[in-house]
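The values are calculated or read from the model by the stated rules, or taken from the named source; none is laboratory data. All of these numbers come straight from a predicted model, not from anything done at the bench. Glycine also receives a Cβ, built like all others from the backbone with ideal geometry; neighbour counts cover every protein chain displayed.
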Amino acid sequence: MPTHTAAVRQKDRGRRTWLFWVTVWLAAGCGSKTPPKQLESAESWAATTRELAIQRRVGSVGRAYTEDMLEAGRRDVREIATAIDLSKLPPDARAAVPLALARLDTLMRQTAESVRRGDVVALGLDAAAADALGDTLRALRTKAGGE
Amino acid sequence: MASVRECRVELLLGCRVVDVDGVVVGRLEEIVAELDDDEYVVREFHVGVFAAFERLGGGMLGRGLLRLVGGKRLYTGYVVPWKVMDLSDPERPRVTVPKRELRELGETQRSAGTMPRGQPSLRAAGGHRQSANENTVS
Amino acid sequence: MEFRVVHDLLDKPVLDDERRNIGRVDGVVLELRRGAAPRVAAFEIGGRVWARRLGPRMARWVEWMGKRWPAVANGVTRIAMRDVRHVGITVSVKCDGRRLPTLAWEQWLRRRVIGRIPGA
Amino acid sequence: MKRLLDLTLGIVTSIGGFLEAGSIITAVQGGAQFGYQLLWAVAVGTLGLMLLVEQSGRLAAVSGRTVGDALRERFGINFFVIPLVIGLLVSFLVLASEIGGVALALQMATGIGFQWWAMPVAFAGWFLLWKGTFGVVEKGSSLLGLVTIAFIVAALKLHPDWGRVGAGLIPTLPAHDGPRYWYIAVSILGASISPYLYMFYSSGAVEDGWGVSDLPTNRATAVLGMSFGGVLSAAVLIVAALVFLPRGIQVDRYEQSALLLTPVLGHPGFVLFLASLGIACFGATVEITLSMAYLLAQGLGWDWSENAKPRDNTRFSLAYTVAILLAGAVMAAGVDPLRLTSFSMMLTAASLPVTVIPMLVLMNDEALVGEHRNRWFGNVALGALSVLATAVLLSAVPLQIIGGG
């Protein structure tokens, strides 16, 4: 290619635009989410907890896996609890949302303990509790404006 | 042969070629040589978008598309005989005659020769493209 | 025989006497002669040659690499057109690739790195 | 007889090689959130891949040139650096996510964190490349990959409503979460049409010394192999639609997907999922690593062959060694595998135009493919794919912003 200065300058500009888009793209990965989305994710964790309890109860999934999964889930739930923007929620859900998230965190810890103890009865109860909590979270999400 | 100077094809490629009046002819895309007495001697230079397409072996489809998209403007290429190509400044190749005196590269000549199509095994044939009848001054 | 420098030569793989891949035609040298048609004199292989095609910045970078690691960023191999045996989908040349600078770093790597890993 | 055996082996290879980290996770996400609605994306991706595999195989069989060779030879290095750099970058990220997939399967099986597995996995892949031949790598990892048929078994056991499955093959607009829908659709396309696959395939055709007489085998492998592969992907999506969607489980963590088969198959389902994930990703790890080394070696004119001893192709061997170990190091640093996988699938989708559009030129070049060049059907299909690829590229950035994460 010819090496005229104009061409080089144009190439430089091209590179800068390109870098800009890559940065935007990378930054987008850490973009913020809306409260209904966050509640949906919490709801999915409640459902996962329920499923893990049921499957662990009959020995379908490994113990280490179940514990790891619950641990990872708790981390996600706590992250949601700190990141959620309460001011974007309707007034009657503002108190209920942090409470439900805290209960989910506790339930997941409890389930992990049941797994560690190998307590089949407790796991059944945990599954039922997770089911109920999932319903609560769904109701809250509807209130917050999710479909 | 008083002086011998070198010029690099890969850097020449894609350079804008102007004619004697400074009118842009196009970008340099291909150099045609001929084996003459054990030496590869340059005969002509092909300039312009069409020449680029020819180099890429664009085929019927490419030629059709090019005509469709760019019309006459894109569908041009010029043959510059070595005698009128001035490469004294390799970054700014110059043609020593006006653009209108250059022969156009294109379909008219293409159809003049019949092209052997589709050799059964190109690998066996050594793969040399048999296109000697395309746009050549022989 | 007609021969199109860009279509038939530039960027084609180069094979030596024993069909060893010795690189690609990274550049072609024309010899301009006063009063006679230019002649395709030789072609060149080497990182420095193709780097120059990608622009001055790339060329400087490869130059710098060459100064730092002479064994890795090798010199330029120039092969005269009279040593070319045949030009087709590949370019075969009359020479022993192992003696060319382009393969120097392949050999350097063999001695210094790859050859030392068990199982090579 | 031998031909029939080769053909069967070729098809089995492509079935086994089809599923990998990206196609599993994107299909699971799609099914979990949108039911059967995204099946069309799997179908389009499979057809696109079939087209590209057939054409790159034909190019290799007729001209003896791989896609990488032809790109450099026809377009020159100034163009070639674009697919080279983009291809290496994208492949590297995909490679890291495949290593992540194997490492996660091992984590779920043992409870030891995936970061600890990344380097051993990379090393195992490297060892296979160092010692093995092309046949071992291709056929070995793919035969084992047949374990992924478990997904088809699970899908059949769930008795899906075939009418609704069929309806999913027709693209429709989503009722909710538009950006997310398109984001997953594009990711599925990226996961199915992986450039590394057809680069690898054409290099394999050259390694095996294919000629014009292998063209029927090539066509059959492309059509049958890729459609079976597509059916596997579709099975994953269907199972996710029947298991995860009604339970309200979304896949925010890679590990959640391991619950996919247990409700249907019980404990064996868990084991089969881990085995499928591990084996499929390991096969992909080895193939991507090779395809990166192939691309580099072909473009710069180094000697390349997986069948030769490493000391005879030192630069080639060095290239794959560096690639796989570096990618292992990325995972060992603890990058989130799900994020990386989604991101690299999106990037793959966005990178499609740089390899798809040039194929239009290559497959019409008489000097390369002679009488075997594309007919109108191949050109129209490839043209449509190029338009689709360009649309995907243009939508990738906005989609990553509003639909990603």
Worksheet item: If you go through region D:260-281 one residue at a time, how many are among the aromatic types (Phe, Trp, Tyr) and over 24 Å from A:Arg57 (Cα atoms)?
Response: 0
Discussion item. Let me spell it out: the conditions are (1) within 11 Å of chain C (Cβ to nearest Cβ); (2) touching a residue at least 12 places away in the same chain (Cβ under 8 Å); (3) not small (Gly, Ala, Ser), and D:Val94 meets all of them except one. Which number is the exception?
Written reply: (1)
Fill in: Of all residues in region D:207-251 being more than 22 Å from D:Ala154 (Cβ to Cβ) and either among the hydroxyl-bearing types (Ser, Thr, Tyr) or assigned to a loop (DSSP other than H, G, I, E, B) (or both), the one that is farthest from the other protein chains (Cβ to nearest Cβ)
D:Thr221
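Does region D:264-273 include one or more residues that are β-branched (Val, Ile, Thr), within 14 Å of chain A (Cβ to nearest Cβ), over 21 Å from D:Gln298 (Cβ atoms) and assigned to a helix (DSSP H, G or I)?
Going residue by residue through region D:264-273, those that are β-branched (Val, Ile, Thr) are D:264, D:271.
Then drop every residue that is not within 14 Å of chain A (Cβ to nearest Cβ), which leaves D:264, D:271.
So of that shortlist, the ones also over 21 Å from D:Gln298 (Cβ atoms) come out as D:264, D:271.
Filter once more, keeping what is assigned to a helix (DSSP H, G or I): D:264, D:271.
So far as region D:264-273 goes, yes, one or more of its residues are β-branched (Val, Ile, Thr), within 14 Å of chain A (Cβ to nearest Cβ), over 21 Å from D:Gln298 (Cβ atoms) and assigned to a helix (DSSP H, G or I).
Specify which of the listed residues (D:Val356, D:Val380, D:Val369) is within 14 Å of chain B (Cβ to nearest Cβ), of a type outside the set (Asp, Glu), crowded, with 20+ Cβ neighbours inside 10 Å and assigned to a helix (DSSP H, G or I). Break it down into steps so the answer makes sense when it comes.
On the way: D:Val356 fails: within 14 Å of chain B (Cβ to nearest Cβ); D:Val380 fails: crowded, with 20+ Cβ neighbours inside 10 Å.
Result of the check over D:Val356, D:Val380, D:Val369: D:Val369.
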Discussion item. Checking D:Leu274 against (1) more than 26 Å from D:Gly57 (Cα to Cα); (2) in contact with a Ser or Thr (Cβ under 6 Å, 6 or more places away or on another chain); (3) not β-branched (Val, Ile, Thr), only one condition comes out false. Which one?
Written reply: (2)
Item to complete: Scan region C:81-115 for residues that are part of a strand (DSSP E or B), of a type in the set (A, V, I, L, M) and within 11 Å of another protein chain (Cβ to nearest Cβ) and jot them down.
Response: C:Val84, C:Val87, C:Val91
Fill in: Selection within region C:1-12 - surrounded by fewer than 22 Cβ atoms within 10 Å (Cβ to Cβ) and facing chain D (nearest Cβ under 8 Å)
C:Lys12
Response to the item:
Within region B:21-33, residues being at pLDDT 90 or above and in contact with a Ser or Thr (Cβ under 8 Å, 6 or more places away or on another chain) number 1
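Going through D:Met346, D:Met363 one at a time, which residue ends up being more than 30 Å from C:Arg19 (Cβ to Cβ), within 11 Å of another protein chain (Cβ to nearest Cβ) and of a type in the set (A, V, I, L, M, F, W, C)? Break it down stepwise before answering.
Numbers: D:Met363 fails: more than 30 Å from C:Arg19 (Cβ to Cβ).
That would be D:Met346, the only listed residue that is more than 30 Å from C:Arg19 (Cβ to Cβ), within 11 Å of another protein chain (Cβ to nearest Cβ) and of a type in the set (A, V, I, L, M, F, W, C).
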Discussion item. Tell me the residue from A:Arg109, A:Arg141, A:Arg116, A:Arg78 that is in a helix (DSSP H, G or I), within 21 Å of D:Val251 (Cβ to Cβ) and free of Cβ contacts under 8 Å to residues at least 60 places away in the same chain, please.
Written reply: A:Arg78
Worksheet item: Does region D:144-151 include one or more residues that are farther than 30 Å from D:Met292 by Cα, out of contact with any Leu (no Cβ under 9 Å at 6 or more places or on another chain) and not acidic (Asp, Glu)?
Response: no
Discussion item. So in region D:219-271, with the set limited to residues that are among the polar types (S, T, N, Q) and touching a helix residue (DSSP H, G or I) at 6+ places or on another chain (Cβ under 6 Å), which one is modelled with the lowest pLDDT?
Written reply: D:Thr221
Discussion item. I'm told A:Met69 meets every condition in (1) part of a loop (DSSP other than H, G, I, E, B); (2) within 10 Å of another protein chain (Cβ to nearest Cβ) except one. Can you identify the failing condition by its number?
Written reply: (1)
Discussion item. I'd like to check something: does region A:78-90 contain any residue that is among the aliphatic types (A, V, I, L, M), more than 23 Å from D:Phe270 (Cβ to Cβ) and within 13 Å of chain D (Cβ to nearest Cβ)?
Written reply: yes
Worksheet item: Of everything in region C:15-59 that's surrounded by 22 or more Cβ atoms within 10 Å (Cβ to Cβ), within 7 Å of another protein chain (Cβ to nearest Cβ) and not charged (D, E, K, R), which residue is nearest to B:Phe45 (Cα to Cα)?
Response: C:Pro38
Item to complete: Show the residue pairs that are 6+ apart or on different chains and have beta-carbon atoms under 8 Å apart, the first residue being within region C:94-120 and within 15 Å of D:Asp312 (Cβ to Cβ), the second being of a type in the set (Phe, Trp, Tyr) and not in a helix (DSSP H, G or I).
Response: C:Glu106/D:Trp302
